[in-house]
Each structure stands twice: as C-alpha cells, then as structure tokens.
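Peer 1: Mind looking over this structure? Questions follow.
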There are 2 protein chains.
Amino acid sequence: MTEQIVEQSATQLSDDVHAILARARRASRRMAGANRAWKDKGLRAIAEALLANQDRILAANLQDLAAGKANGTSAAMLDRLTLTKQRVQGLADALENLATLPDPVGNVVRGATLPNGLRMRQVNVPLGVVAAIYEARPNVTVDIAGLALKSGNAVVLRGGTAAAHTNEALLTILRDALDAVGLPADAVQSVDKYGREGANVLMRARGEVDVLIPRGGRELIQTVVRNASVPVIETGEGNVHIFIDSSAPEDMCVEILLNSKTQRPSVCNTVETLLVHKDATVLPAVLKALSDAGVRLHVDERVQAVLPAGVTGFPATDEDWATEYMDLDLAVKMVDSLPDAIKHIRTWSTGHTEAILTNDLANAERFIAEIDSAAVIVNASTRFTDGSELGLGAEVGISTQKLHARGPMGLGELTTTKWIVQGEGQIRA
Amino acid sequence: MTEQIVEQSATQLSDDVHAILARARRASRRMAGANRAWKDKGLRAIAEALLANQDRILAANLQDLAAGKANGTSAAMLDRLTLTKQRVQGLADALENLATLPDPVGNVVRGATLPNGLRMRQVNVPLGVVAAIYEARPNVTVDIAGLALKSGNAVVLRGGTAAAHTNEALLTILRDALDAVGLPADAVQSVDKYGREGANVLMRARGEVDVLIPRGGRELIQTVVRNASVPVIETGEGNVHIFIDSSAPEDMCVEILLNSKTQRPSVCNTVETLLVHKDATVLPAVLKALSDAGVRLHVDERVQAVLPAGVTGFPATDEDWATEYMDLDLAVKMVDSLPDAIKHIRTWSTGHTEAILTNDLANAERFIAEIDSAAVIVNASTRFTDGSELGLGAEVGISTQKLHARGPMGLGELTTTKWIVQGEGQIRA
C-alpha cells in the first residue's frame, strides 16, 4: 500500500516536471520570435524589479542564511549564499550590461548563392530549452536566466535547497517582470520544489531539454555528467599549470605567478601547479615572492633542495599534481626540459588553461602546438581565461569539453544554427 | 572457475581496448602536428593503395558476402555490403577529392588585440580521437578514416561483424599507406575483433574518445545514444515534411515532390510526409504524378475524398505520420492552415528538414521562423540538405542534434578550438 503511494507520487512528480518542460518549450518558441529590443526590455525590467524588491529578496535570503547557520553550514558556503544590497545591485548591473550586448540570434554564420541559384544561409537560432543545475549560489538564478533570455531561450532551473527561499523570491520577481513587458513568464521556471528527484527527471528528459549546464563544484558536475542523458556542457574544472622556461625573465615570472595564484585563488583560472626548467635561475625569487604573499608551497625533492632561506616547502605527492586547490596553495616541480613539462601537463591537466613563460620563440610555438587545452597562454597571467577579459561581453562559463564550446562561452554558445535554403523550384539532378 | 576465466577475459578485453585508445591518443598528437601537404599526401597514398590492392579487397569482400548469403542476409543488406571495382574507384576518388579541400585545422575563428596589448586568437584544432560505430557498410571504413585524417584526428573504428573480412583488409591497406608516407599507422585502428563488448568499452571511454559518431539505422543510433557516456553526434534520422500552401504553383509542386520522393528514396533527406493546404488546387495533379511514379500513398480521409481517378490511397494512421519509410511511400494529410501544418510538423518531425512550397511571402517567413529543424527550405527539393550540395565539399553526416553541429557536417565539425593568448608580462588588474 505504502509502496503504491510512493510510486504514484513518483509518477506525479515526473508528470509535473515534464509539464514544466512542455511549458518551457512553448515559452521558448515565443522567446525565439522576440526581437532584440523586446528581449532587452525584459532584461531591464528584471533589473528594475530586482532593485525595487530588494527588501523582499534580502528577507528571503535571511531565512536561508538562518537555516544554513542552524545546519552548521561552513562560512565559505554561507558567503556564497549571502545576498546584500550591493550584490543585488551587481545582479541588476549585469542585466543592464547584457541589454547593451549584440543579439547572438540571427547572426549569419555563412551564406552563399549556389551555382543552381539557391540562396543558402546558416543562421544562429536559440537552442530552445536550457536547463541549469547549480549549488546554493542565488546569483546564478539571475545570471543564467539573463543569459538564456538574451539568447532567446527558455530556462528551467534547479538551485540548491539551501537557497530555496531566496530562489523562490527571485523567480517570482523575474517571472512578473517578464509578464509585465509581454514576454512569457514560463521562459523562467524552476523544479526546485521537486528536490533531487526533480533534478533526476530533468537530467533524463531527452528531447525536452536542449542543453543542461551544471554550475558548481567538481562533485556536482561529475554527478550530472554521469547521470544525464540530455546534452551537457561541462564547465569550470581547472587544474591550471604554468611552465617557467630557462629563458624567462625574473620580473615577469614573479609578477605573473603572484597574479595567477593570489589575485583570486578560489576561481578556476588560478594556477595550481608551477613547473620550472632546471636551468631557470628565477626560481628562488619566484618562490620567495609567493611565500611572502602567503602561498603554501608543495614541492618535489629537487625544488626542496633549492628553497631560499625562510621559505617552507611541504613535500608534494601525486595527489598534489592532481589537486585543484582553489586556495593559497601551489604545487611546484622541477623538470629537465620542455618535453618533460608537456608530459606532466598531459598527465595531470584538466584541459582548462596552461601557460608558458619564456623568451624562446621555438619553445613558445611548441608549447602552443602541443598543449591540448582550451586556452594556451604565453607570457601572461592565467587569470585571462575569462569571457569578459577576452571580449565576449558576458560569460556563461568556461567549458573544458571539446564539443560545441571550449574555453570561455559567450551568448553565442547558447545558440545553435538553422540552415535556410530558398529557391524557385530547384530540384536535384 | 569458468566464471573467473570469463571475468579475466572481460578485463583483458577492456585493457586491450584502452591500450588501442592510448595508441590513438599518441597518434592523434602526431596527426595534429602534420601540415596539410603531409595529410593530403597520406590521403592520396591511401587512394593509390586501395586501387593497387583491389583484388585483395574484393576477395575479402566475397568471403563476407558468402557468409551473408549463408546467414540469409536480405538483398538490401547484401547490396550495402558489396564492394565492386567501381565502388573501390569511388572510394579512391572521394579521398582524392578530400585532398583538394582546404584544411579545417588552423583556421582562425576570431582574433583581436585586447586593450592591454594581449593578442588573442581562437583557432580550429583537431578534436583528437574520433570513434565510429557503424553497420555492415565497408565504404564507411574508408570514408570516416579519410575525413578524420584530413581534419588531423586519429580514428578508432567498430564496423559490423558482417563486413569483418572486408574491413580487416581495408584497415591493413590504410595503415600501411599511412606508414609509407611517415604518418602514424595507429591513426587508424579498429576494435572489431572485440565484438559487441569492445563497442561497449568504446562507448564508455570518457576522456579517451573525444567524439563518437554512430552511422547506420535508427536502432543503432539510439543504442549508442542511450549507452554512451562519451560525447556523441547523432546523424541522419529524417522524418522530412513538405507543406504545399494554397498559393503554390502546380508545376513546381509536381517537380519538387517527384524529386524529393523518388530521386533517391532510401536516404535521410527524402520527403516522408506531404501536408497540403485545403485550398491548394494542385493536390490532384501532385498525387497523380507521384502515383504514376510508383509511390504508394498513405492518405487521411480528406485526401482520400479527393483522390483523382486511378490513384490508390491507403488509409493513414498515426504510425504513418511517425514513419521514416525510406522507400517509395508517402504519407499525405490535408490541413486547414499554415499553423496546423506547423503543429503537425512539431508533433512528428525529427528536426532534419522541412520545406514549404508557396508564393506567399509572409507564410514563407513564418515557416522559416517557426520551424525548428536543422534545415528549412522554401520552394526547392528537400534533397538539397546535403553537405556537397550546400558547398561543404565533404560530408561527415547530417546532424539532427543542436549542440556542436546541426544539419550537414563538414570537415570543420571534426575540429574544436583552442584559445591562444600571447603577451609580454600582462597581469590582471
């Protein structure tokens, strides 16, 4: 009897999620037909509504924060969960910025008049229904919704339970704002109330979800990749390397390492392993500067042997080569040659970003050619692997996969293409 | 005891397939570093070797054909399995053609000098290891290998058991030809001898296979999509529609329907359902012409009522709207309006190709905007959804998915991109 009830309720839940996806599909068709001016009006309306309703948002956020504290949530997690007036202003500003960007929809990828007179063009069109599964960062709710709407899609969200009150408040505000400008409220929906099971239905809804974007830690992303049967774009895992060649000038090495490691250690484009050529004389100065900046150094035996006075090195193991610390920690290893550095990177890299610091042209070219990562950098900070820094305007995430999108993803990566062929009776010979 | 042996052998098989993939990865790095001239030399060497060894190929093919006949294989399947001197010449010609095409590798997608002086460019690079699972069509062995090599990849093949002898002969010839010009023989490998289990290991080798392309019937493709955890590109399922609007001229309708249905009924861009506006006076002439050409018409009641004399109509059911006949069969349905036609297409289409025949500009524009398929055609045959016809030079397949590639896929779709950033010490502020 009990089992039967559970089964019925699982069926009901699945039906409910599929009904949400059907509404998203219908809304996606209206969004696809909305021109840029209309979509930008929607984005600006949401920005205004966020500011006008910030008391309500912050009150909901306080509920989530209180629950989080009661559950013993870590300080770092609580910080990610927290919204403030300043952070709400930041979300509104980001939407205003999105409204200033060109529309990726309608862009002509290629076009030609064929020998038989047919006019062919391949045009960017919205993907349709974008789903996102993310952890307790309520800013992602607004962020992903804005990007999806600007690119003419509908979005179905699954935020974490920890941010449930905040996300619910945000969702209501977003939907009301869309409705007020004549855009479909169902272009932004959530499956949050169906919990983990709702997320599972979302991951398996082939043909109903056009792309699923997981946002969060490694564990969340890997769970989604393993369980999803809908198309997924993996983002953000960055075990980033810098190789200092023997010819690299000291000042540049010190500045780039400090910037790549300490400017914002918790993000995916921060450096995690430093490889140093055995003949590089700059190593002691670099290690001293990093140590002075509070970086904990995890070093192999050869580096241990040349540590400058007053600098501590913790013995590195294979686990260090594999770890994305996302903190003020850096693994350091000495190598005999560029090929040895490339071999180490091939073994341990997640394919996000790798950099070489060198004054040797042939080595720079070889590094660019042989390193198979989304971004390869010569003589600059690894922190430049970023959509805004590289001129994409807005960033959906940084893809570490090879299909569809690789590296920083802009609005264009939330579109697909349609081939349009026009004639006056042409047939194939 | 027996179980233990089986388990050891399964482990051994898995180890063997992973070893093949490791060799493919190493070969892919050498292929990625080969310039166009070298790769084209390899393609031409393969073409020559195929012609020089055609007796050996045809002898192996006869073995497969004899086994097929003994197993009671259908005539259509035997035809696909058959190689002749002419077909081998066709394979060699296709490779010679590939050698004349531009190299997709190294193409600069975008580039800029950023305000801080960084030079950024996003460049096409090979995907790496391409896998293909296909049915007993030995031509695919050469076809996919050629496309993968031209785009700088290594390929791991799994052909059907029915073509085992032919594929083995082809593989040896391909590998020897690569070796003779100094390209890695391991750029073309097969897991055929590991049977179905080998295919399963291939489908689950995340991180070792960069893209898996299934080629064959619906069942093969769906099996791969359901079971693969590596990235897959779905190709070729085409439940293609043509809508005849009330304003479409008769001559054009007759010619386009005949061409779309009868020119090559067994391929994915042939029309499968005809939707006709209730006021289209051209319907009888179109049906008469199709019937005279030997097309079996599966019609709804309204079409049944207006069939011209001497034309037979079989009653259509929902199954007809869903079916990709790939034969001289056509489902025909009368609709009240363009929106009704769009609704029918949204319900039954596989998103491959849909066409409208009309002289009404607003209806043409609405059809283009609202039909969400890889190709949308106005006043031309559906047979034009084809890489060669649309000027791509060579065709990997026709993707019916939205991520990475949609519609005809050329060599470019066998590449990904790499972001290359070059500076002289820039750090992020």
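The values are calculated or read from the model by the stated rules, or taken from the named source; none is laboratory data. All of these numbers come straight from a predicted model, not from anything done at the bench. In this analysis, Cβ positions are derived from the backbone assuming ideal geometry, glycine residues included, and neighbour counts consider all displayed protein chains. For the accessible areas, the whole protein counts, side chains as well, though only heavy atoms, and no ligand, DNA or RNA atoms are used. Shrake-Rupley method; radii C 1.70, N 1.55, O 1.52, S 1.80 Å.
Peer 1: Compute the distance in nm between two label points, each set 7 Å from the Cα along the Cα-to-Cβ direction, one at B:Thr312 and one at B:Gln86.
Peer 2: Label-label distance for B:Thr312 and B:Gln86, simple model: 3.1 nm.
Peer 1: Calculate the mean, over all residues of peptide A:369-382, of how many other protein chain Cβ atoms lie within 10 angstrom of the residue's Cβ. Before the final figure, lay out each step's value.
Peer 2: Values: counts 6, 3, 2, 11, 2, 5, 6, 7, 8, 7, 7, 13, 7, 2.
Mean shielding count: 6.
Peer 1: Another question, then. Do any of B:Lys150/B:Lys402; A:Lys418/B:Lys278; B:Lys41/B:Lys402; A:Lys150/B:Lys402; A:Lys278/B:Lys418 go past 26 Å between their Cα atoms, and which? Before the final figure, lay out the partial values.
Peer 2: Working: B:Lys150/B:Lys402 24 Å; A:Lys418/B:Lys278 29 Å; B:Lys41/B:Lys402 34 Å; A:Lys150/B:Lys402 18 Å; A:Lys278/B:Lys418 29 Å.
Too far apart for the 26 Å limit: A:Lys418/B:Lys278; B:Lys41/B:Lys402; A:Lys278/B:Lys418.
Peer 1: Tell me the angle of helix A:361-370 to the major Cα principal axis of chain A, expressed in degrees between 0 and 90 and rounded to the nearest ten.
Peer 2: 40
Peer 1: Next up: Anyone know which of A:Asn61, A:Asn167, A:Asn359 comes out most mobile in the 10 Å Cα GNM of chain A?
Peer 2: A:Asn359
Peer 1: To continue, here is another question. Kindly provide the Kirkwood hydrodynamic radius of region B:240-389 in Å, to one decimal, from all pairs of distinct alpha carbon atoms.
Peer 2: Values: mean 1/r = 0.0673 Å⁻¹.
Value: 14.8 Å, from the Cα pair sum.
Peer 1: Once both axes come from the Cα atoms, what is the angle between helix A:250-262 and the longest principal axis of chain A, in degrees from 0 to 90, rounded to 10?
Peer 2: For helix A:250-262, the angle is close to 40 degrees.
Peer 1: Still on this structure, please answer the following. Given charges of +1 on the Cβ of Lys and Arg and -1 on the Cβ of Asp and Glu, with all other atoms neutral, how large is the dipole of region B:240-389 about its Cα centre, in debye to the nearest 20? Kindly include the intermediate steps, with their values, before the conclusion.
Peer 2: Numbers: 11 positive and 24 negative charges, 34 e Å.
So the magnitude is around 160 debye.
Peer 1: Mind ranking B:Val306, B:Val140 by accessible surface for me, highest first, 1.4 Å probe?
Peer 2: On the way: B:Val306 60, B:Val140 5 Å².
Correct descending sequence by accessible area is B:Val306, B:Val140.
Peer 1: May I pose another question? Tabulate in residue order the Karplus-calculated ³J(HN,Hα) for region A:195-206, using 6.51 cos²θ - 1.76 cosθ + 1.60 with θ = phi - 60°, rounded to whole Hz; enter x for Gly and Pro.
Peer 2: Ordered by residue, 3J(HN,Hα) equals x, 4, 5, x, 4, 5, 4, 4, 5, 10, 8, 4 Hz.
Peer 1: Under a 5 Å amide H to amide H cut-off, with H placed in plane at 1.01 Å, what residues pair with B:Arg215 once short-range neighbours are removed?
Peer 2: B:Ile133, B:Tyr134, B:Glu135
Peer 1: On to the next question. Could you go through region A:82-99 in sequence order and give the Karplus-derived ³J(HN,Hα) for each residue, using 6.51 cos²θ - 1.76 cosθ + 1.60 with θ = phi - 60°, rounded to whole Hz, and x for Gly and Pro?
Peer 2: 6, 10, 10, 4, 5, 5, 5, 4, x, 5, 5, 4, 5, 5, 4, 5, 4, 5
Peer 1: Additional query: Under the rule of at least 5 residues apart or a separate chain, name every residue whose amide H is placed under 5 Å from the amide H of A:Val276.
Peer 2: Distant-sequence amide H within range of A:Val276: A:Ile244, A:Lys333, A:Met334, A:Val335.
Peer 1: Given region B:44-193 reduced to its alpha-carbon atoms as identical point scatterers, what log10 I(q)/I(0) does the Debye formula return at q = 0.11, 0.18 Å⁻¹?
Peer 2: Debye curve over Cα of region B:44-193, log10 I(q)/I(0) at q = 0.11, 0.18 Å⁻¹: -0.47, -1.02.
Peer 1: How much length is gained on full extension from A:Ala19 to A:Leu114, taking 0.36 nm per residue of separation minus their Cα-Cα distance?
Peer 2: 29.9 nm
Peer 1: From the protein chains alone at 1.4 Å, what is the descending order of accessible area for B:Thr273, B:Thr172, A:Thr317, A:Thr281, largest first?
Peer 2: Working: B:Thr273 0, B:Thr172 50, A:Thr317 75, A:Thr281 115 Å².
Putting B:Thr273, B:Thr172, A:Thr317, A:Thr281 in descending order of accessible area: A:Thr281, A:Thr317, B:Thr172, B:Thr273.
Peer 1: Report the relative contact order of region A:240-389, percent, no decimals, based on alpha-carbon pairs under 8 angstrom and at least 6 residues apart.
Peer 2: Values: 287 pairs, mean separation 48.3, N = 150.
Dividing the mean separation by the residue count of region A:240-389 yields 32 percent.
Peer 1: To continue, here is another question. Once you wrap a convex hull around the alpha carbon atoms of region B:236-278, what is its projected area averaged over all directions, in nm²?
Peer 2: On the way: hull surface 11.8 nm².
The number I arrive at for region B:236-278 is 3.0 nm².
Peer 1: Starting from the Cα gyration tensor of region B:147-220, take the square roots of the eigenvalues, sort them a ≥ b ≥ c, and report rounded, prolate or oblate (rounded when a/c is under 1.5, otherwise prolate if a/b is larger than b/c, else oblate). Spell out each step's value before the answer.
Peer 2: Working: a/c = 1.89, a/b = 1.33, b/c = 1.42.
Because a/c hits 1.5 or more and a/b fails to exceed b/c, region B:147-220 counts as oblate.
Peer 1: What is the gain in length, in nm to one decimal, between A:Thr100 and A:Leu62 on full extension, counting 0.36 nm per residue of separation less the C-alpha to C-alpha distance?
Peer 2: Details: separation 38, 0.36 × 38 = 13.68 nm, distance 3.23 nm.
My answer for the length gained is 10.4 nm.
Peer 1: Largest first, please: the extent of the C-alpha atoms of the protein assembly as shown along each principal axis, to the nearest Å.
Peer 2: 100, 72, 62
Peer 1: To continue, here is another question. Can you grab the distance from the C-alpha centre of region B:184-218 to the C-alpha centre of region A:336-409, Å, no decimals?
Peer 2: Their Cα centres are 28 Å away from one another.
Peer 1: Same structure again: I need to check one value: relative contact order of region A:192-240, counting alpha carbon pairs closer than 8 Å and at least 6 residues apart, in percent. List each step's numbers first, then the result.
Peer 2: On the way: 50 pairs, mean separation 18.8, N = 49.
Answer for region A:192-240 is 38 percent.
Peer 1: Using a 10 angstrom cutoff on alpha carbons, build the Gaussian network for chain A and name the most mobile of A:Ser229, A:Ser74, A:Ser260.
Peer 2: So, out of A:Ser229, A:Ser74, A:Ser260, the one fluctuating most is A:Ser74.
Peer 1: Which longest run of chain B has no exposed loop site in it, a site being trypsin sites (Lys or Arg not before Pro) in a DSSP loop with at most 15 other beta carbons within 10 Å, and the site itself not part of the run?
Peer 2: Working: sites that count: B:Arg204, B:Lys278.
In chain B, the maximal stretch lacking such sites is B:1-203.
Peer 1: Another question, if that's okay. Counting only protein heavy atoms, what percent of the accessible surface of region B:240-389 is carbon or sulfur at a 1.4 Å probe?
Peer 2: On the way: 2720 of 5610 Å².
C and S atoms contribute 48 percent here.
Peer 1: Grab the DSSP H runs of the protein assembly as shown that are 4 residues or longer, score each as -39,500 (n - 2.57), total them, divide by all residues and round the 222 nm result to the nearest 500 deg cm²/dmol.
Peer 2: -14000 deg cm²/dmol
Peer 1: Follow-up question, since we're still on this one. Once the Cα gyration tensor of chain B is diagonalised, what are the square roots of 5 times its eigenvalues, in whole Å and ordered largest first, as equivalent ellipsoid semi-axes?
Peer 2: On the way: eigenvalues 347, 172, 83 Å².
Values for chain B, descending: 42, 29, 20 Å.
Peer 1: In debye, nearest 20: dipole of chain B around its Cα centre with unit charges on the Cβ of K, R (+) and D, E (-)? List each step's numbers first, then the result.
Peer 2: Values: 43 positive and 52 negative charges, 354 e Å.
That gives a dipole near 1700 debye.
Peer 1: Contact order normalised by length for chain A, with contacts defined as Cα pairs under 8 Å and 6 or more residues apart; what percent is it?
Peer 2: On the way: 842 pairs, mean separation 71.9, N = 429.
Averaging sequence separation for qualifying contacts and normalising by length gives 17 percent for chain A.
Peer 1: Still on this structure, I have one more. Run the dipole for the protein assembly as shown about the Cα centre, Lys and Arg Cβ at +1, Asp and Glu Cβ at -1, nothing else charged, and hand back the magnitude in debye, nearest 20. Intermediate results must be reported in sequence, preceding the final value.
Peer 2: Working: 86 positive and 104 negative charges, 148 e Å.
Here the size comes out at about 720 debye.
Peer 1: I would also like to ask the following. Along the Cα→Cβ direction, 7 angstrom out, place labels at B:Arg264 and B:Thr11. What is the inter-label distance in nm?
Peer 2: Distance between label points: 4.9 nm.
Peer 1: Tally the DSSP beta bridges in the protein assembly as shown and give the antiparallel ones as a percent, rounded to 5. Present the calculation step by step, with values, prior to reporting the outcome.
Peer 2: Numbers: 34 of 124 bridges.
The answer is about 25 percent antiparallel.
Peer 1: Which of B:Asp210, B:Asp245, B:Asp55 ends up with the largest GNM mean-square fluctuation for chain B, with Cα atoms connected below 10 Å?
Peer 2: Result for chain B, Cα springs under 10 Å: B:Asp55 fluctuates most.
Peer 1: Evaluate E = 1/(1 + (r/R0)^6) for B:Ala76 and B:Asp176, where r is the Cβ-Cβ distance and R0 equals 22 Å; express this FRET efficiency to the nearest 0.05.
Peer 2: Details: r = 33 Å, r/R0 = 1.48.
So the FRET efficiency works out to roughly 0.10.
Peer 1: To continue, here is another question. Go through region B:174-185 residue by residue and turn each phi into a ³J(HN,Hα) via Karplus (6.51, -1.76, 1.60, θ = phi - 60°); whole Hz please, and just put x for glycine and proline.
Peer 2: Taking θ as phi minus 60°, the curve returns 4, 5, 4, 5, 4, 4, 5, 9, x, 8, x, 4 Hz for region B:174-185.
Peer 1: Okay, next question. Can you figure out the FRET efficiency of B:Arg218 with A:Glu255, using R₀ = 56 Å and their beta-carbon distance, to the nearest 0.05? The partial results should precede the final answer.
Peer 2: Working: r = 58 Å, r/R0 = 1.03.
It comes to 0.45.
Peer 1: Follow-up. Once the convex hull of the alpha carbons of region B:180-242 is built, what does its volume come to per residue, in cubic angstrom?
Peer 2: Numbers: hull volume 8.5 nm³, N = 63.
Cα-based convex hull of region B:180-242, divided per residue, equals 136 Å³.
Peer 1: Take peptide B:101-114, look around each residue's Cβ out to 10 angstrom, count Cβ atoms belonging to other protein chains, and average those counts.
Peer 2: Mean partner-chain Cβ count within 10 Å for B:101-114: 1.
Peer 1: Given H placed 1.01 Å from N in the peptide plane, which residues other than close sequence neighbours of A:Ala375 have an amide H under 5 Å from its amide H?
Peer 2: Counting only residues 5 or more places away or on other chains, the set is A:Thr353, A:Glu354, B:Trp419.
Peer 1: Separation of region B:43-105 and region A:5-68 by C-alpha centroid, Å?
Peer 2: Between the Cα centres of region B:43-105 and region A:5-68 lies a distance of 55 Å.
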